[in-house]
Each structure stands twice: as C-alpha cells, then as structure tokens.
Amino acid sequence: QVQLVESGGGLVQAGDSLRLSCAASGRTSSHYNLGWFRQAPGKEREFVAVIDWRAIIKYYADSVKGRFTISRDFAKNTGYLQMNSLKPEDTAVYYCAVDPRLRVGTRAADFTSWGQGTQVTVSS
C-alpha cells in the first residue's frame, strides 16, 4: 500500500500559477500510474491528468489541456501538477492517486490509493 500526501494548494488570482506536489511513501516500486483528480463543492470528483509508470504517456482533461502539466520525479518518488493560467472554475480540492496497473486509466475507480487532498481557490 502506498501513502500519498499532497501539498502546494492555496488562494490565487485568475491567471496565476500553482504547482501541486504529491509525495508517495510506503512502496519501493515506482511501477504505478499517477493521477490527479479534483472535486468542487456540490460536484462529482473529476479526472484532471494522469502520467504512466514510465513517465511516457500523459493524458489530460480537455478543460485543463494546454494549461496544466503533469510530471513525476522517480528519485524523489513525487508527482507534480503544474497549473498555469488558472481560472475560477479550477477551484476545487485536488487529489493525487495511484493506479498499480500497466494500462493507463482515467476513471477514479482505476485508482487504489488516494491522498487527503489540497485546496486550490482561484479568485476572479
């Protein structure tokens, strides 16, 4: 079982940038896909981005494509979500999660371990 801790959230203005981090521990292998999801008040959790276990395949939600970049540092066992040109509609709690399969999925049900989330608030 892997433990995940997100950090880097905060309150910013529209157009600003933030970088979220996801530190993984409790697992020696890095053979897992790493995903980011978000959940706004009153809405369902939605997919944001995923990077595969080789850091080759990356998928993004259409709403963040071109603005967000997902990456991972194997040496630090940490994943990142660089968020640029933030919009008020990006306001949500952001969660990182891991999927131990080789196939890259984008459904929340594909991911077996989740962090506690970090709040991102974008003011207009």
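The values are calculated or read from the model by the stated rules, or taken from the named source; none is laboratory data. Keep in mind it's a predicted model, so treat the numbers as computed, not measured. Cβ: placed from backbone, ideal geometry, glycine included. Neighbour counts: every protein chain shown. For the accessible areas, the whole protein counts, side chains as well, though only heavy atoms, and no ligand, DNA or RNA atoms are used. Shrake-Rupley method; radii C 1.70, N 1.55, O 1.52, S 1.80 Å.
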Among the residues of segment 89-97, is there at least one that is assigned to a strand (DSSP E or B), within 15 Å of the chain's Cα centre (by Cα) and free of Cβ contacts under 8 Å to residues at least 40 places away in the same chain?
no
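Considering every residue within segment 42-62, establish whether at least one is in a loop (DSSP other than H, G, I, E, B), over 15 Å from Gly79 (Cα atoms), over 16 Å from the mean Cα position of the chain (by Cα) and not aromatic (Phe, Trp, Tyr).
Checking segment 42-62: at least one residue is in a loop (DSSP other than H, G, I, E, B), over 15 Å from Gly79 (Cα atoms), over 16 Å from the mean Cα position of the chain (by Cα) and not aromatic (Phe, Trp, Tyr).
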Any hit, segment 69-88, residues being of a type outside the set (Asp, Glu), in a strand (DSSP E or B), free of Cβ contacts under 8 Å to residues at least 24 places away in the same chain and under 21 Å from Leu11 (Cα atoms):
yes
For the structure I just gave you, tell me whether Lys87 is within 21 Å of Gln119 (Cβ to Cβ) and basic (Lys, Arg).
yes
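Listed here are the residues, each with its yes/no results for (1) over 15 Å from Ser123 (Cα atoms); (2) open to solvent by 40 Å² or more (accessible area, probe 1.4 Å); (3) modelled with pLDDT of 95 or more.
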position: Ala61; (1), (2), (3): yes, no, yes
position: Phe74; (1), (2), (3): yes, yes, no
position: Thr91; (1), (2), (3): no, no, yes
position: Tyr94; (1), (2), (3): yes, no, yes
Over segment 28-44, the set of residues under 21 Å from Pro100 (Cα atoms) and open to solvent by 90 Å² or more (accessible area, probe 1.4 Å) is Thr28, His31
Looking at segment 16-44, I want the residues that are within 17 Å of Gln3 (Cβ to Cβ) and have a partner that is in a loop (DSSP other than H, G, I, E, B) and among the hydroxyl-bearing types (Ser, Thr, Tyr) with Cβ atoms under 8 Å, at least 6 apart or on another chain. Which pairs are those?
Gly35/Thr106
Segment 1-27, residues that are surrounded by fewer than 17 Cβ atoms within 10 Å (Cβ to Cβ) and either of a type in the set (S, T, N, Q) or not in a loop (DSSP other than H, G, I, E, B) (or both)
Gln1, Gln3, Val5, Ser7, Gly10, Leu11, Gln13, Ser17, Arg19, Ala23, Ser25
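Would you say Trp36 is farther than 19 Å from Thr118 by Cβ and not hydroxyl-bearing (Ser, Thr, Tyr)?
So Trp36 does not fit the description; no.
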